[in-house]
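Novice: What follows is a structure written as structure tokens; I'll ask about it next.
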Amino acid sequence: MARKKKAPEAEPPVAGTLIDNVDGLTPDGKGGIEHFTGFLITPDGHIGQVYHSGDKRPQRVDYKLDGQGRVVVPGMIDAHGHVMPTGFAKMTLDLSATRSLDEALSRIAAWTAAHPDAPWILGTGWNQMLWGLGRMPTAAELDAVTGGKPAWLTRVDGHAGWANSAALEAAGITAATPDPAGGEILRVTGGRKPAGVFIDAATALVGDKVPKPRPEDRDTALGEAQLAFLAQGVTAIADMGTSIEDWQAFRRAADLGHLRIRIVAYAAGIDNMRLIGGPGPTPWLYQDRLKMNGLKLFLDGALGSRGAWLKQPYADDAKTTGLPQMNRTQLGNLMSRAAIDNFQVAVHAIGDKANATVLDAIDELSETYKGDRRWRIEHAQIVDPADIARFGEHGVIASMQPQHEASDRLMAEARLGPDRLAGAYAWKSLAAAGATLAFGSDTPVEPALPFEGIAVAITRQGDDGQPFLGWQPQEILSREAAINAYTTGAAYAMFAEDKLGRIAKGYDADFLFVDADPMLATPEQIRKTKVLETWIGGQRAWAAQDENAKEEKPSEAP
Ligand SMILES: [Zn+2]
């Protein structure tokens, strides 16, 4: 009997998915970028192997996908965003595109007419700087278009809110209401009557009276936010300021298998920290989809509403140096309260005084809290050049948002004057001093567009190509550094550098097919990068073609 000839190529079959014939690039783990042409995904959603041209591929795999030469990059990680507000911004009145007060008022009037059942008129995104108004808007202006219903509209940076008279009445705010610590109620000129706009800590006076969203509204908002992130290639995000209600919404989604992106939570204040984490940070939950790392604190406000805490008075308002939300001792106590239970601490600091104060606190706390703490400074927008080197001490993370530089540069010039810009959005200097750069968007303050962020980081220009050679061009970053800040840097900042941010053996298989190679394309092409597919944990979580198919599907006859 003839023996059956055994096939010489009969290797044992390899479980998993081989994605081959791609133009792949990934951080190499040493600050550079390396290329590859194929990779294997294990059945449990990790990278099993990475192949370069000439490497032998497994002969038999469960599934094989021809990448057709398309560009593959790791999933982008947004190091600082606000998940639920991103979703709610899509469900309420969005004023971010308005370019004049009149345009905003007509949008508000239209929204009010279209939502007769809404108990409050809620919205976000306004920016009086873009309106060329030269002042804040007023309650009286809002009254004219809101028909007696309370209205509360938060400014684009989340650090100011605009109320109408009905909202003031509902919140019980009168001329006798004092400014709270760390906040300001703008008053009508020459009097005490509230003018309608509330800054920083004062926003809670009205914001706390707004009806709380129902759990099902939160679930809808999370779905909206996830869609926005997936479509832009964001596969993981640090949620800065998670409330217990937000956390419960994340868990409800995850329990049902609906949590597709990865969320790392930083609790909004000590109470939420205790409610969410209890005795310490949570482990990774739901196959690395959700984790609670630490605490988010606010030390100051934002530049736009002159809440950022500066060492010297504002160039365009000599009466103020900003609105610190607490003093140095209070900050140290809160940071200590978190660090003692091994929670990571992330402090919002925009002005140079705020940044110096956090650095002082880190200096002092590092004596007590040894080990790998990864103290995070969120925004680090305006840093006194004398303080830049201090970011290199104690392993401080500079969590920055390139899109803010492009949007804010003219305002920063107005607020600071020409002589205090050397440490403004100084990401290259901070990295050179030894800080780890972690880039994000601050969504919904800026849309979560990581490729736009990379374009700004490597040009210091806005989408209009201005200014010609870039703003403070000495801070232009290399492509390698910019890509790393949205991947490995952001992963490191959330203690996930061993599983997220690279396409490398053992990492979670989070990656994108995109239509431009960020190492070769022009900055304009990078800015307009289209995400074709978003994969998370080895599964295709989103594809542009599915979206197109949905849009093209003819609507059914009634
Ligand atoms: Zn933020």
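Novice: When you go through (1) in contact with a Gly (Cβ under 9 Å, 6 or more places away or on another chain); (2) within 16 Å of the ligand (Cβ to nearest atom) one by one for T86, which number turns out not to apply?
Specialist: Condition (1) is where T86 drops out.
Novice: Continuing with this model, one more query. Pull up the range 47-83, narrow it to residues that are away from the ligand (no atom under 16 Å from the Cβ) and under 30 Å from Q401 (Cβ atoms), then point me to the one that is most open to solvent (accessible area, probe 1.4 Å). Steps first, please.
Specialist: Let us first name the residues in the range 47-83 that are away from the ligand (no atom under 16 Å from the Cβ), namely 47-76.
Next, only the ones that are under 30 Å from Q401 (Cβ atoms) stay: 47, 70-76.
Details: I47: 5, R70: 61, V71: 16, V72: 0, V73: 3, P74: 3, G75: 3, M76: 4 Å².
The extreme case among them is R70.
Novice: What are the residue pairs meeting all of these: first residue in the range 376-400, first residue within 16 Å of the ligand (Cβ to nearest atom), second residue charged (D, E, K, R) and assigned to a strand (DSSP E or B), Cβ atoms under 6 Å, and 6 or more apart or on different chains?
Specialist: Taking only residues 6 or more apart or on different chains, the pairs are I397/R376; S399/R376; S399/E378.
Novice: Next question, about the same structure. Given the options A414, A431, name the one that is part of a helix (DSSP H, G or I), away from the ligand (no atom under 16 Å from the Cβ), open to solvent by 10 Å² or more (accessible area, probe 1.4 Å) and closer than 18 Å to R376 by Cβ. Give the derivation first.
Specialist: Details: A414 fails: closer than 18 Å to R376 by Cβ.
Testing whether each residue is part of a helix (DSSP H, G or I), away from the ligand (no atom under 16 Å from the Cβ), open to solvent by 10 Å² or more (accessible area, probe 1.4 Å) and closer than 18 Å to R376 by Cβ leaves just A431.
Novice: Got a number for residues in the range 89-111 being touching a residue at least 40 places away in the same chain (Cβ under 8 Å) and more than 16 Å from the ligand (Cβ to nearest atom)?
Specialist: Of the residues in the range 89-111, the ones touching a residue at least 40 places away in the same chain (Cβ under 8 Å) are 89-91, 93, 95-96, 101, 105, 108.
Imposing the further condition that a residue be more than 16 Å from the ligand (Cβ to nearest atom) reduces the set to 90-91, 93, 95, 101, 105, 108.
Qualifying residue count, the range 89-111: 7.
Novice: Anything in the range 38-50 that is touching a strand residue (DSSP E or B) at 6+ places or on another chain (Cβ under 6 Å) and more than 11 Å from I503 (Cα to Cα)? List them, or say none.
Specialist: Within the range 38-50, T42, P43 qualify.
Novice: While we're on this one: For the range 442-479, enumerate the residues that are under 17 Å from Y425 (Cα atoms) and among the small types (G, A, S).
Specialist: Matches in the range 442-479: G453, A455, A457, G462, G470, S478.
Novice: Could you check the range 286-308 and list, in sequence order, the residues that are touching a helix residue (DSSP H, G or I) at 6+ places or on another chain (Cβ under 7 Å) and over 20 Å from N127 (Cα atoms)?
Specialist: Y286, R289, L290, M292, G294, L295, L297, L299, listed by residue number.
Novice: Shifting gears a bit: Restricting attention to strands (runs of 3 or more DSSP E) lying wholly within the range 246-358, give those where 1 or more residues are open to solvent by 10 Å² or more (accessible area, probe 1.4 Å) and not polar (S, T, N, Q).
Specialist: On the way: elements: 262-268, 290-298, 344-349.
Qualifying strands (runs of 3 or more DSSP E): 262-268, 290-298.
Novice: In addition: So which of R187, R192 is within 28 Å of M326 (Cβ to Cβ) and in contact with a strand residue (DSSP E or B) (Cβ under 8 Å, 6 or more places away or on another chain)? Can you show your working first?
Specialist: Details: R192 fails: in contact with a strand residue (DSSP E or B) (Cβ under 8 Å, 6 or more places away or on another chain).
Only one candidate qualifies: R187.
Novice: Sticking with this one: Answer yes or no: is there a residue in the range 449-460 that is of a type in the set (S, T, N, Q), farther than 24 Å from Q232 by Cα and in a helix (DSSP H, G or I). Break it down into steps so the answer makes sense when it comes.
Specialist: Applying the first criterion (of a type in the set (S, T, N, Q)) to the range 449-460 yields 459.
If we keep only those that are farther than 24 Å from Q232 by Cα as well, we get none.
Looking through the range 449-460, none of the residues is of a type in the set (S, T, N, Q), farther than 24 Å from Q232 by Cα and in a helix (DSSP H, G or I).
Novice: Within the range 362-369, does at least one residue satisfy the condition of being of a type in the set (S, T, N, Q), away from the ligand (no atom under 16 Å from the Cβ) and on the phi > 0 side of the Ramachandran plot? So that I can check it myself, show each step before the final result.
Specialist: Filtering the range 362-369 for residues of a type in the set (S, T, N, Q) gives 366, 368.
Checking which are away from the ligand (no atom under 16 Å from the Cβ) leaves us with 366, 368.
So of that shortlist, the ones also on the phi > 0 side of the Ramachandran plot come out as none.
Within the range 362-369 (the criterion being of a type in the set (S, T, N, Q), away from the ligand (no atom under 16 Å from the Cβ) and on the phi > 0 side of the Ramachandran plot), the answer is no, since none of the residues qualifies.
Novice: Looking only at the range 129-149, count how many residues are closer than 17 Å to F198 by Cβ and touching a residue at least 40 places away in the same chain (Cβ under 8 Å).
Specialist: 7
Novice: Here is a follow-up. Which residue is nearest to the ligand (Cβ to nearest atom), if the candidates are limited to the range 151-169 and must be over 15 Å from L122 (Cβ atoms) and without any contact (Cβ under 8 Å) to a residue 60 or more places away in the chain?
Specialist: This residue is L168.
Novice: Quick one: would you say E556 is open to solvent by 80 Å² or more (accessible area, probe 1.4 Å), within 29 Å of Y63 (Cβ to Cβ) and modelled with pLDDT under 95?
Specialist: Working: open to solvent by 80 Å² or more (accessible area, probe 1.4 Å): yes; within 29 Å of Y63 (Cβ to Cβ): no; modelled with pLDDT under 95: yes.
It is false that E556 is open to solvent by 80 Å² or more (accessible area, probe 1.4 Å), within 29 Å of Y63 (Cβ to Cβ) and modelled with pLDDT under 95.
Novice: Next question. On the given criteria, is S441 under 30 Å from P418 (Cα atoms) and open to solvent by less than 10 Å² (accessible area, probe 1.4 Å)? Explain how you work it out, then say what you get.
Specialist: Working: under 30 Å from P418 (Cα atoms): yes; open to solvent by less than 10 Å² (accessible area, probe 1.4 Å): yes.
Here the answer is yes, as S441 does meet what is asked.
Novice: Right, A422: among the hydrophobic types (A, V, I, L, M, F, W, C), crowded, with 24+ Cβ neighbours inside 10 Å, outside any helix (DSSP H, G or I) and in contact with a helix residue (DSSP H, G or I) (Cβ under 8 Å, 6 or more places away or on another chain) or not? Before the answer, list the steps.
Specialist: Numbers: among the hydrophobic types (A, V, I, L, M, F, W, C): yes; crowded, with 24+ Cβ neighbours inside 10 Å: no; outside any helix (DSSP H, G or I): yes; in contact with a helix residue (DSSP H, G or I) (Cβ under 8 Å, 6 or more places away or on another chain): yes.
Considered against the rule, which asks whether it is among the hydrophobic types (A, V, I, L, M, F, W, C), crowded, with 24+ Cβ neighbours inside 10 Å, outside any helix (DSSP H, G or I) and in contact with a helix residue (DSSP H, G or I) (Cβ under 8 Å, 6 or more places away or on another chain), A422 comes out as no.
Novice: Please go through the range 230-245 and give me each residue that is open to solvent by 10 Å² or more (accessible area, probe 1.4 Å) and either under 13 Å from H80 (Cα atoms) or small (G, A, S) (or both), ordered by number. Step through it out loud before you land on a result.
Specialist: First, the residues of the range 230-245 that are open to solvent by 10 Å² or more (accessible area, probe 1.4 Å): 231-232, 241, 243-245.
Result: A231, G241, S243.
Novice: Does G207 meet the test of being touching a residue at least 12 places away in the same chain (Cβ under 8 Å) and open to solvent by less than 20 Å² (accessible area, probe 1.4 Å)?
Specialist: Values: touching a residue at least 12 places away in the same chain (Cβ under 8 Å): yes; open to solvent by less than 20 Å² (accessible area, probe 1.4 Å): no.
Against the criterion (touching a residue at least 12 places away in the same chain (Cβ under 8 Å) and open to solvent by less than 20 Å² (accessible area, probe 1.4 Å)), G207 does not qualify.
Novice: Let me ask something else about it. Quick one: is S407 within 16 Å of the ligand (Cβ to nearest atom), open to solvent by 10 Å² or more (accessible area, probe 1.4 Å) and assigned to a helix (DSSP H, G or I)?
Specialist: Working: within 16 Å of the ligand (Cβ to nearest atom): yes; open to solvent by 10 Å² or more (accessible area, probe 1.4 Å): yes; assigned to a helix (DSSP H, G or I): yes.
Taking the combined requirement at face value, the residue satisfies it.
Novice: Something else: Anything in the range 202-245 that is away from the ligand (no atom under 16 Å from the Cβ) and in a loop (DSSP other than H, G, I, E, B)? List them, or say none.
Specialist: Within the range 202-245, A202, D208, K209, V210, P211, K212, P213, R214, Q232, G233 meet the criteria.
Novice: Could you please let me know if P43 is in a loop (DSSP other than H, G, I, E, B), modelled with pLDDT of 95 or more and either surrounded by fewer than 21 Cβ atoms within 10 Å (Cβ to Cβ) or within 16 Å of the ligand (Cβ to nearest atom) (or both)?
Specialist: Details: in a loop (DSSP other than H, G, I, E, B): yes; modelled with pLDDT of 95 or more: yes; either surrounded by fewer than 21 Cβ atoms within 10 Å (Cβ to Cβ) or within 16 Å of the ligand (Cβ to nearest atom) (or both): yes.
For P43, the condition - in a loop (DSSP other than H, G, I, E, B), modelled with pLDDT of 95 or more and either surrounded by fewer than 21 Cβ atoms within 10 Å (Cβ to Cβ) or within 16 Å of the ligand (Cβ to nearest atom) (or both) - is met.
Novice: Got at least one residue in the range 457-476 being surrounded by 14 or more Cβ atoms within 10 Å (Cβ to Cβ), touching a strand residue (DSSP E or B) at 6+ places or on another chain (Cβ under 8 Å) and more than 30 Å from E413 (Cα to Cα)?
Specialist: no
Novice: Of all residues in the range 172-190, count the ones that are touching a Ser or Thr at 6+ places or on another chain (Cβ under 9 Å) and either part of a helix (DSSP H, G or I) or open to solvent by less than 50 Å² (accessible area, probe 1.4 Å) (or both).
Specialist: Residues in the range 172-190 being touching a Ser or Thr at 6+ places or on another chain (Cβ under 9 Å) and either part of a helix (DSSP H, G or I) or open to solvent by less than 50 Å² (accessible area, probe 1.4 Å) (or both): 3 in total.
Novice: Within the range 346-357, track down each residue that is in contact with a helix residue (DSSP H, G or I) (Cβ under 7 Å, 6 or more places away or on another chain) and either among the hydroxyl-bearing types (S, T, Y) or within 16 Å of the ligand (Cβ to nearest atom) (or both).
Specialist: Answer for the range 346-357, where residues must be in contact with a helix residue (DSSP H, G or I) (Cβ under 7 Å, 6 or more places away or on another chain) and either among the hydroxyl-bearing types (S, T, Y) or within 16 Å of the ligand (Cβ to nearest atom) (or both): V347, A349, N355, T357.
The values are calculated or read from the model by the stated rules, or taken from the named source; none is laboratory data. As the structure is a prediction and not an experimental result, all values here were calculated from the model. As a convention, Cβ positions derive from the backbone with ideal geometry for all residues, glycine included, and neighbour counts pool all protein chains shown. The protein model used for the area step is the full one, side chains on, heavy atoms only, and it has no ligands, DNA or RNA in it. Shrake-Rupley method; radii C 1.70, N 1.55, O 1.52, S 1.80 Å.
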